Amino acid sequence: MAATATIERGPIDRVMTLRERIDPARRITLMASAIVLLLVLLLLVFIGLNGVQIFTSSGIPFAAVFNTQWLPGDQFVSGEVSFGIFPFIAGTLGVMFVAALIATPLSVGLAIYMAEVAPRWARSITQPSMEVFVGIPSVVWGWLGITVLVPFLSHNLAGIGFTLGFSWFAGSLVLALMILPTITSIAYDAITSVPAEMRGASVALGTTRWQTIRHVVIPAALGGIATAVVLGMMRAAGEALAVQMVIGNRPVMPTSITQPLTTLTAQITLDMGNTVGGTPWNQVLWTMGLVLLLISFGFVLLVRRLSRSRQVP
Amino acid sequence: MSQTTSTKSTGAMRRTLYADRVATGVLWAIGILVVLILGAIIVHFLLASIGTMSPSFLFGDPSDTTVGGIGPVLWNSVYVLVLTLLITVPLGLLGGIYMAEYAGQGRIPNLIRLSQELISSVPSIVVGLFGLALFVNATHWSFTALGGALALSVFNLPLLTRLTEQALRAVPRDERDGSLALGTTKWQTIRHVALPLAIPGILTGVILTAGRIFGEAAALIFTAGVATPSHYDFANFNLADPRSPWSPFHSATTLAVYIWAQNSEGLGQFVRQIADSSAAVLVVMVLIFNLGARGLGRVLQRRATGVS
């Protein structure tokens, strides 16, 4: 952890004198770094307050929001309406897990390749490639999905009895590519931080490189690799535009990987501009935003727990 | 050693060596595959934009009857990027200095670190919602370049703070001690010794995050707007006039948002060409930002260390 570097500090830092305490440079820089605290509070307040409007100001019962029926109806005419957000939550989780399932073997393999196998010249290609890869914008991935991936899927798989176009699978595939560099770079860091002595000890026993990777390097880096996968999943859950463009946007509970689906992010993206503020339909979108915010905060706590458990071997 | 055990062990060894060779092959294949995918994406967009790419596309006005241009949206992308950096670079530098030089261990620094992690986990669409609530509705600004830049600052500020902190931490302790031994104050040491040495790292990081900001769309849809500007009057320097492209209060659809809008709202027959070429511009910009950051980092490093 980066924080450990601060522990060994020289004699100048022993006890803060009064002069150091009121040092203007210290105060100003502290204020600048504390803005982020304020941002977290503001985020919680603004998303939180708007997220509960559907219950508090519109008086929609909890049961009408936490169910599987998405029938927002006409915003201005009352009728049978239901604002069930379970399809979106399930969609987000489903798309995320399948994306992680596709991306994990590829990115962990790539990280192992870069750390253990690739010669210097190959590394000088893969390293910058990863940086460009992670920089490709979300909309570009979405546009690629629409113009290349979806036509490819629907034409080439029609022959073997699949109807696959805008679908759960397409969404997960695009996401898998997007989170690949995220998982790779964090897993790479975990693998390269395995002490060289452990590899040396293994190789000295006469093992092959793959035996060393499988029985020494991967077990030692497992905590870091798990963190990498969780962070990749976090990015997948929060990704909006690319998913929205290829997933088909159908608000149903996920049952089959070939069906069109929708997610929290996709529905917010699509509907926020088309609904009128103050209507339950609009308010439920904020509730979805709040759910997303809580999911991502949950991921942070999970990652913290993972890295803490890693420190105690 | 009997004959049978030795053949058995060579069999096991052969299998082990075979597994090693297969694994090596698979790992190489993954490495090559990923690089090929990236190469294919870049080549795809370059080829797809070949007929459209021209100065009149890059700098011209959008049109309903022809392919038109992306001039105004490209302007907006640059404008929002510059505005975001103006807000976040000074604050990020100061914040990073505190975290690296003053913070140490304690409740407040730990809270700040947790907040940084929390913010960086927030999906950009949620940041967009936050911006909509705060910089669009609460302020009554409507969709503005400033609102977009502030929304982008929400996740760019912790990123730059982090970056500055790491760059400062990488400065060797000896450099500081040498300066302090001359009797300088802590701030003089930071300002004249640590910070100059950290600048190459910070600058490289700033350029890389700039590339990210340039491609960001989800946080901007509800803050900077999606309406396609038809024409900008660059002679209008009135900063209070929301029609002026120079004003922070002009509605600012960026290039990335424009691509998304082409897909969801574009109607014309040129949607494909426009979006393909716009995507090509974005990809090329990302490449330029990356190569620029690497090149600049190397040059500055060389100058700072005095090794030519």
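Every number in this text was worked out from the coordinates using simple rules, so none of it is lab data. As the structure is a computational prediction, the values presented were derived from the model and not from experiment. All Cβ positions, glycine included, derive from the backbone under ideal geometry; neighbour counts span all protein chains shown.
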State the Kirkwood hydrodynamic radius of chain B in Å, one decimal place, computed from all pairs of distinct Cα atoms. 22.9
Starting with the fewest neighbours, write out A:Met288, A:Met130, B:Met13 ranked by other beta-carbon atoms found within 10 Å of each beta-carbon. B:Met13, A:Met130, A:Met288
So for the protein assembly as shown, taking the charge dipole from beta-carbon charges (+1 Lys/Arg, -1 Asp/Glu), which of A:Gly51, A:Val303, A:Leu153 sits furthest toward the positive end? A:Val303
Tell me the relative contact order for the stretch B:77-194 as a rounded percent, counting alpha carbon contacts under 8 Å between residues six or more apart. 39
Using only the alpha-carbon atoms, what does the stretch A:175-306 span along each of its principal axes? Please give whole angstrom values in decreasing order. 69, 31, 22
Quick check on the stretch A:21-150: take the gyration tensor over C-alpha atoms, sort the square-rooted eigenvalues as a ≥ b ≥ c, and tell me if it's rounded (a/c under 1.5), prolate or oblate. oblate
Per GNM of chain A with C-alpha springs under 10 angstrom, the most fluctuating residue out of A:Arg250, A:Arg120, A:Arg199 is A:Arg120
Is the shape of chain A rounded, prolate or oblate, going by the alpha carbon gyration tensor and its root eigenvalues a ≥ b ≥ c, with a/c under 1.5 for rounded and a/b larger than b/c for prolate? oblate
Report the full-extension gain for the segment A:Asp271 to A:Asn156: residue separation times 0.36 nm, less the Cα-Cα distance, to one decimal in nm. 38.2 nm
Only counting other Cβ atoms within 10 Å, I'd like A:Glu197, B:Glu117, B:Glu101, B:Glu216 sorted with the fewest neighbours first. A:Glu197, B:Glu117, B:Glu101, B:Glu216
Using a Förster distance of 35 angstrom, determine the FRET efficiency expected from the C-beta separation of A:Leu301 and B:Ala170, and round it to 0.05. 0.75
Please state the relative contact order of chain A as a whole percent: Cα pairs under 8 Å, 6+ residues apart? 25
How many percent of the alpha carbon pairs in the stretch A:250-313 exceed a separation of 17 Å? 58
So for the pair A:Arg123, A:Val252, with labels modelled 7 Å out along Cα→Cβ, what separation do we get in nm? 5.0
Take every Cα pair under 8 Å in chain B that's 6+ residues apart, average their separations, divide by the length, and report that relative contact order as a whole percent. 23
Please build a GNM for chain B, connecting alpha carbons under 10 Å apart, and tell me which residue among B:Ile259, B:Ile108, B:Ile97 fluctuates the most. B:Ile108
Rg [Å, one decimal], Dmax [Å, integer] - the stretch B:55-197, C-alpha atoms: 20.5, 71
Which residue fluctuates most in the GNM of chain B (Cα springs below 10 Å): B:Ser251, B:Ser153, B:Ser179? B:Ser179
To make sure I understand, if each residue's beta carbon is the centre and we count other beta carbons within 10 Å, what order do A:Phe88, A:Phe97, B:Phe249, A:Phe133 fall in, fewest to most? A:Phe97, B:Phe249, A:Phe133, A:Phe88
What does the charge add up to near B:Leu282, with Lys and Arg as +1, Asp and Glu as -1, over the other residues with Cβ less than 13 Å from its Cβ? -1
In nm, spacing of pseudo-spin labels at A:His215 and A:Ala201 (7 Å Cα→C-beta vector): 1.4
If Lys and Arg each add +1 and Asp and Glu each add -1, what is the summed charge of the other residues whose beta carbon sits under 13 Å from the beta carbon of A:Ile179? 0
Report the charge-dipole magnitude of chain B in Debye, nearest 20, computed about the Cα centre from +1 at each Lys and Arg Cβ and -1 at each Asp and Glu Cβ. 1360
Net lengthening on full extension, A:Met31/A:Val52 (0.36 nm per residue, minus Cα-Cα): 4.4 nm
